[in-house]
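Inspection log for the structure reproduced underneath, given as C-alpha cells.
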Amino acid sequence: MLSYWEKQSLLQYDYIIVGSGIVGLSTAISLKEADGNARVLVLERAILPTGASTKNAGFACIGSLTEILADLQTMPEQEVLQLVQLRYEGLQLLRQRLGDNAIGYTENGSYELITSHDEWALGQLDTVNNLLGNFFPQKAFTMADNKLPAFGFNRNVVKAVVSNTYEGELHSGKMMRSLIDLCFRLGVEVKTGADVARIEDLGTSVNVVVPHALLKEELIFSARKLIICTNAFTKQLLPDVEELMPGRGQVLITNPIPNLRFKGIFHFEEGFYYFRELEGRVLFGGGRQLDFSGESTTEFQYNDRIQHQLEELLRTVILPDTPFTVADRWTGIMAFGKTKQPIIQHYSPNVILGVRMGGMGVAIGAKVGEVLAGMVSRL
C-alpha cells in the first residue's frame, strides 16, 4: 500500500542509526557536522529512548578511586587509562557541543565515601594519581575528610572521603532535549515507534526492515551504512553479538528535604552505589551487585530487595536522623561485558556496532558517536 512517492523519496538515506539514546543522537550529530548534505535517519522503537539515556542519575563522571582500582584488577593498565581518557574527552565534547547551561552542568563537588571495607584503597591514591597524570594537569583524587562533619553522614560507617577534581553533574532530561534539538537543527530525521524487525547487508547497501502496523506490511529503509546504537537491547536485533549482558539499575528520589546538608555527587562501593543532591532532594541508585543474576535483564521492573536496601542506606548512612519520604522510583537498563571497554566494531561490511557503554553512556556517548561517524564516513 505504499505510494510511488513514498517509495521514491521517503525511504532512502546515506546513513541510518538504530537507537536514539546518547550514542545514537551523538553519532547522527557527528555525521551531519562532517557532511551537512548527508541524509541521516535515526530510528527509535519506542516513543522515548528506552534504555538508560533518560533514566540515568546525571553523573558526569570518569570513575571513582575504588572503581578504577577494581578495573586495574581485571583489565590491562593501558586499557584502564584509555577508558578514563575516553570518559573525560567524551564529557568535554558533550559540554562543548551543547553548552553547560543547556544541559544543566554544574560542579558542586564529586566525592567517594570510604568505608572500613575500602580503606585499603587510600594507600593507592598516589599510585592512581600518578597513572592518570599523563593526561590530567592536576591530581584527580585528593582527601577531603574535612568535609565529613558538614555532610552529616554516619561516621561509624563512612571513615573517609575522597574528592575527584574532574567530575560534575548534569540534568539528563535537559541533555537529551538538547541533543534532540541539535539533531533537528542539523537536519537529522528521527522517527519514533519504529521497531526494527531485521537488517540485511546487501554488500552495496543495507536494508532496514520496520513493520508498519496500520498498513500491515513492511517498510524497507535503505542506506549506504547502518550504525547500531541499541546498547543493552542489541541482542534482540542481533542475537549473535557476543560479550554483552544487560544490567538493570534501580533508582529512587526523595521529596525535598529541608536544610539538606550536602551538594554534589557521591559514589561508594566501587561505584555500585551513587547518589546526588537534586533541587533539595536526594537521588539514589545502584545496588546491582546485590543481585547480579536478577538484574541481568531488559525488563523494567523493581527489585524489591534492592529498593529496600537503597532506603535502608538512606536511613542509616546518608541521612541518619533526617526524615525523608520517597517521591518516585524508576529503573534503567545498561549494558556490560567482561571488560568495560565499549564495543565499537564492524558487525558486517556496512553495519557498525556502537554498544555496551558499561554504565558510562553519559561520559563516553559523545566520543563514541564521533568515532562511529568517523568509521562509516571513511568507508
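The values are calculated or read from the model by the stated rules, or taken from the named source; none is laboratory data. Quick caveat, the model's predicted, so the values are computed rather than measured. Here the Cβ positions follow ideal geometry from the backbone for every residue, glycine too, while neighbour counts run over all protein chains shown. We work out accessible area using only protein heavy atoms, side chains counted, and drop any ligands, DNA or RNA first. Shrake-Rupley method; radii C 1.70, N 1.55, O 1.52, S 1.80 Å.
Structure summary
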read-out: Simple Cβ-charge dipole of region 236-304, Lys/Arg +1 and Asp/Glu -1, about Cα centre, in debye nearest 20; value: 580 debye
read-out: DSSP-loop trypsin sites (Lys or Arg not before Pro) across region 324-367, with at most 16 other Cβ within 10 angstrom; value: LYS338
read-out: Rounded to whole Hz, the Karplus (6.51, -1.76, 1.60) HN-Hα couplings of region 280-294, x for glycine and proline; value: x, 9, 10, 9, 9, x, x, x, 4, 5, 6, 7, 4, 5, x
read-out: Of LYS55/LYS174; LYS139/LYS340; LYS340/LYS367; LYS32/LYS191, those spanning more than 20 Å from alpha-carbon to alpha-carbon; value: LYS139/LYS340
read-out: Extension gain (nm, one decimal) between THR127 and GLU6, 0.36 nm per residue minus Cα-Cα; value: 37.5 nm
read-out: Selection of trypsin sites (Lys or Arg not before Pro), region 226-316, meeting DSSP coil and at most 16 other Cβ within 10 Å; value: ARG261, LYS263
read-out: Carbon plus sulfur fraction of accessible area for region 229-279, probe 1.4 Å, in percent; value: 52 percent
read-out: Descending semi-axes in Å of region 1-155, equivalent ellipsoid built from Cα gyration tensor; value: 42, 18, 15
read-out: Label point distance in nm, HIS308-LYS159, each placed 7 Å from Cα along Cα→Cβ; value: 2.8 nm
read-out: Solvent-free Debye scattering, log10 I(q)/I(0), computed from the Cα coordinates of region 266-370 at q = 0.19, 0.20 Å⁻¹; value: -1.08, -1.15
read-out: For region 1-81, alpha-carbon Rg and Dmax in angstrom; value: 19.2, 60
read-out: Centroid-to-centroid separation of region 79-113 and region 182-230 [C-alpha atoms, Å]; value: 31 Å
read-out: Nearest-10 value in Å² for the accessible area of SER205, using the 1.4 Å probe; value: 30 Å²
read-out: Two-decimal Rg/Rh across region 68-118, once Rg and the Kirkwood Rh are taken from alpha-carbon atoms; value: 1.10
read-out: Under 17 Å from LYS216, Cα to Cα: lysines that are on another chain or at least 8 residues apart; value: LYS7
read-out: Computed over the chain: relative contact order in percent, which uses C-alpha pairs under 8 Å that are six or more apart; value: 26 percent
read-out: Carbon + sulfur, % of accessible area of region 36-107 - ligands and nucleic acids excluded, 1.4 Å; value: 46 percent
read-out: The chain, helix-only ellipticity at 222 nm - DSSP H runs n ≥ 4, -39,500 (n - 2.57), divided by all residues, nearest 500; value: -9000 deg cm²/dmol
read-out: Carbon and sulfur %, accessible surface of region 129-209 computed with the full protein complex present, 1.4 Å; value: 48 percent
read-out: Cβ-derived FRET efficiency at R0 41 Å, GLU218 paired with GLN82, nearest 0.05; value: 0.50
read-out: In sequence order, calculated HN-Hα J values of region 143-158 (Karplus, 6.51, -1.76, 1.60; Hz; x Gly/Pro); value: 6, 9, 4, 5, 8, 4, x, 6, 5, x, 6, 5, 6, 6, 9, 8
read-out: Two-decimal Rg/Rh across region 215-316, once Rg and the Kirkwood Rh are taken from alpha-carbon atoms; value: 1.14
read-out: Once exposed loop GluC sites (Glu not before Pro) are cut out (DSSP; at most 15 other Cβ, 10 Å), longest piece of the chain; value: 108-241
read-out: Rg to Rh quotient for region 305-351, alpha carbon positions, Kirkwood Rh; value: 1.30
read-out: Rg(Cα)/(2.2 N^0.38 Å) for region 70-151, N = residue count; value: 1.30
read-out: Region 145-211: trypsin sites (Lys or Arg not before Pro) falling in loop per DSSP and having at most 16 other Cβ within 10 Å; value: ARG155, LYS159
read-out: Rh by Kirkwood over Cα pairs, then Stokes-Einstein D for the chain at 1.002 mPa s and 20 °C, µm²/s; value: 99 µm²/s
read-out: Probe 1.4 Å, protein heavy atoms only - accessible area per residue of the chain in square angstrom; value: 44 Å²
read-out: Under 20 Å from LYS235, Cα to Cα: aspartates and glutamates that are on another chain or at least 8 residues apart; value: GLU44, ASP195, GLU200, ASP201, GLU243, GLU295, GLU299
read-out: J(HN,Hα) series, region 298-306, from Karplus relation 6.51 cos²θ - 1.76 cosθ + 1.60, nearest Hz, glycine and proline x; value: 9, 7, 8, 9, 7, 9, 4, 4, 6
read-out: For GLY359, residues with placed amide H under 5 Å, excluding near neighbours; value: ALA335
read-out: Long-range HN-HN contacts of GLY104 with modeled amide H, under 5 Å; value: HIS171
read-out: For ILE257, distant residues with modelled amide H under 5 Å away; value: ARG281
